Amino acid sequence: MQSIGRPTQPHAVEIKPDTLTGARGLLQDELLIFEHGGWDKTGVDLPQAELDASDLGDLVRTDVIGLPGLSEPEALRHYVRLSQKNHAIDLALYPLGSCTMKHNPRLNEKMARLPGFADIHPLQPQSTVQGAIALMDQLAHWLKTLTGMPAVALSPKAGAHGELCGLLAIRAAHEARGDARKRVLVPTSAHGTNPATAAFVGYVVEEIAQTADGRVDLGDLAAKLGPDVAAIMVTNPNTCGLFEREVVEIAKLTHAAGAYFYCDGANFNAIVGRVRPADLGVDAMHINLHKTFSTPHGGGGPGAGPVVLSHALAPFAPAPWIIHHEDGLSLDEDPVGACGRMSAFHGQMGMYVRALSYMLSHGADGLRQVAEDAVLNANYIKARLSDLMTPAFDGPCMHEALFDDSWLDGTGVTTLDFAKAMIDEGFHPMTMYFPLVVHGAMLIEPTETESRDELDRFCEALRLLAQAAKEGDVERFKGAPFHAPLRRLDETLAARRPRLKWTPADEAAAKKPRAAE
């Protein structure tokens with residue numbers, strides 16, 4: 001825990017006066033970039049234009065362009081100050097369950113910046129990018145080997161995009177045999193993108209019940225399978241952090257009904273190198289390169305969600321396909337039977353480089369250890385916290401530890417309050433209220449990259465907070481966070497009525513110190 005200048009023992013909260021400027025120590029207060037002013041200046045010198053804009057007619061701009069004029073130091077400081085207000089995987093453990101927020105090795109970044117990968121263009125002649133296509137082919141080989149699948153589509157750009165790819169291939173396969181179907185079955189604990197994607201493709205979504213131990217109810221699945229079911233979508237390990245013990249039987253029941261088994265591979269990090277999804281009967285599965293294979297999340301870079309396909313679905317993989325010739329490699333942009341395209345070009349080249357770099361630096365044995373250490377870390381957290389917090393399910397977990405909120409009964413503290421108090425202790429909150437099948441869920445995924453020291457630091461913080469909640473220190477939680485750049489927000493209002501555009505009418509309100517609001 002952070003031991004300098006921040007009390008962490010229960011009942012040790014000391015109220016300090018606000019600063020006069022809104023800054024907090026070395027964390028500077030910062031306005032929106034539009035609020036810096038400078039509308040009448042520019043940060044660069046540009047020569048006078050030699051030509052006029054008369055040929056634009058009435059399209060010539062007559063008012064100010066509406067962009068702030070900042071010098072290079074001002075612009076740089078603005079974004080550095082903003083970065084210091086955010087949590088990051090480079091600062092501390094990022095315990096978001098079902099997100100696999102692991103360390104992004106800098107070696108991968110160095111490889112992605114090599115000119116032969118960073119400076120190429122998707123429209124240049126394929127003969128000039130043979131190395132890049134060879135890298136895509138090698139990445140595809142690793143993904144097929146790790147999953148046991150014969151084909152892979154690299155172009156999907158995220159997990160949900162991969163789900164769309166898999167379901168489009170499934171729909172194409174059914175239609176090719178004259179057997180168009182209407183329904184897709186999804187467990188109650190599924191990621192929300194599963195039913196959303198199925199509905200987007202045009203299927204009717206029906207839920208599969210969950211057993212008391214957090215797994216798919218085989219009886220309910222068998223009752224709902226029928227000649228109009230196109231596929232099931234099952235996450236394994238599931239969003240409760242549990243391995244579906246009956247996954248082979250699930251596949252058999254699905255195939256017997258003429259349907260396909262789509263596996264959500266968001267949690268592949270728990271089984272990579274240990275289990276091949278093809279051996280479980282899976283027909284299609286997306287793989288989040290930004291989870292299992294360490295490419296950056298979110299603002300750190302675009303996602304990538306390649307989809308591996310079984311022999312039955314391989315002929316319907318989307319374009320492009322990598323083709324081997326005696327004189328090299330090529331990309332077939334319009335293969336016969338393909339279910340279409342998932343993107344204009346070939347996917348996220350920079351993510352391909354980073355993922356393959358991660359694979360090669362670990363090797364097959366290293367990837368197996370990734371899964372083993374990820375599961376070990378999650379179970380360590382579960383064991384350290386189970387005497388104060390209530391696990392949602394008995395027994396060991398896989399890659400993430402799931403707790404419900406029954407241990408907070410009678411305290412006046414909610415899951416949201418507890419999560420907000422974690423921010424004051426220097427930690428990003430865990431995933432809250434998901435999966436929906438667990439009341440007040442708290443889902444923690446440490447990944448394999450955290451040391452025991454970091455896990456102990458995290459667990460000690462949660463233990464102290466849990467003790468404070470049980471001892472009645474409600475104010476510590478209801479007002480939290482106290483030490484963040486912004487206090488607690490009305491998140492419902494922000495989601496339903498977000499203010500996404502700055503206008504001059506907001507200028508008066510914008511003069512308030514940001515950290516003091």
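Laboratory data are not the source of any read-out in this text; all were calculated from the coordinates shown. In this text, all values refer to a predicted model and were calculated from it rather than measured experimentally. Positions of Cβ are generated from backbone atoms using ideal geometry, with glycine treated the same way; all protein chains shown enter the neighbour counts.
Calculated [222 nm] ellipticity per residue, helices only, for the chain: -10000 deg cm²/dmol; basis is -39500 (n - 2.57) per DSSP H run with n ≥ 4, divided by all residues, nearest 500. Label-to-label distance, Ser386 versus Arg177, with points set 7 angstrom from Cα along the beta-carbon direction: 4.4 nm. If you take the square roots of the eigenvalues of the alpha-carbon gyration tensor of the range 66-134 and sort them as a ≥ b ≥ c, do you get rounded (a/c under 1.5), prolate (a/b over b/c) or oblate? It is oblate, given that a/c is not under 1.5 and a/b is not larger than b/c. Other residues lying with their Cβ under 15 Å from the Cβ of Gly43 contribute a combined charge of -2, Lys and Arg counting +1, Asp and Glu -1. Between rounded, prolate and oblate, where does the range 397-493 land on the alpha carbon gyration tensor, with a ≥ b ≥ c its root eigenvalues, rounded for a/c under 1.5, else prolate if a/b exceeds b/c? Here the range 397-493 falls in the rounded category.
Of all lysines in the structure, those lying under 29 Å Cα to Cα from Lys41, and not within fewer than 8 positions of it along the same chain, are Lys85, Lys501, Lys511, Lys512.
The lysine pair count for the range 108-361, using Cα distances under 30 Å and pairs eight or more places apart or on different chains, is 13. The residues packed around Arg341, meaning those with a beta-carbon under 10 Å from its beta-carbon, carry a net charge of -2 if Lys and Arg are +1 and Asp and Glu are -1. Annotation: the range 108-361 has a Kirkwood hydrodynamic radius of 18.5 angstrom, from the mean reciprocal C-alpha pair distance. For the chain, the equivalent ellipsoid derived from the alpha-carbon gyration tensor has semi-axes of 40, 36, 22 Å in decreasing order.
In this Cβ point-charge picture (+1 for Lys and Arg, -1 for Asp and Glu), the range 108-361 has a dipole of about 360 debye about its Cα centre. The mean of 1/r over all distinct Cα pairs in the range 18-163, once inverted, gives the Kirkwood hydrodynamic radius of 21.8 Å. P(r) for the range 243-401, please, calculated from all Cα pair distances in 10 Å bins and given in %. Final binned percentages: 9, 28, 35, 21, 6, 1, 0. Remark: relative contact order (the range 315-474) = 19 percent; criterion is Cα-Cα distance under 8 angstrom and separation of 6 or more residues.
Here the range 317-442 is treated with +1 on each Lys and Arg Cβ and -1 on each Asp and Glu Cβ, and its dipole about the Cα centre works out to around 120 debye. Around Ala419, with a cut-off of 15 angstrom between Cβ atoms, what is the net charge of the other residues, counting Lys and Arg +1 and Asp and Glu -1? With Lys, Arg at +1 and Asp, Glu at -1, the net is -2. Across the range 108-361, Cα pairs under 8 Å and at least six residues apart give a relative contact order of 29 percent. A protection proxy built from the mean count of other Cβ atoms within 10 Å ranks the segments 186-197, 45-56, 483-494, most packed first, as 186-197, 483-494, 45-56. Projecting the Cα atoms of Ala383, Pro125, Ala88 onto the charge dipole of the chain (Cβ charges, centred on the Cα centre) puts Ala383 farthest toward the positive pole. The charge dipole of the chain, taken about its Cα centre with unit charges on the Cβ of Lys, Arg, Asp and Glu (plus for the first two, minus for the last two), comes to roughly 400 debye. Taking every alpha-carbon pair under 8 Å whose residues sit at least 6 apart, the chain reaches a relative contact order of 20 percent.
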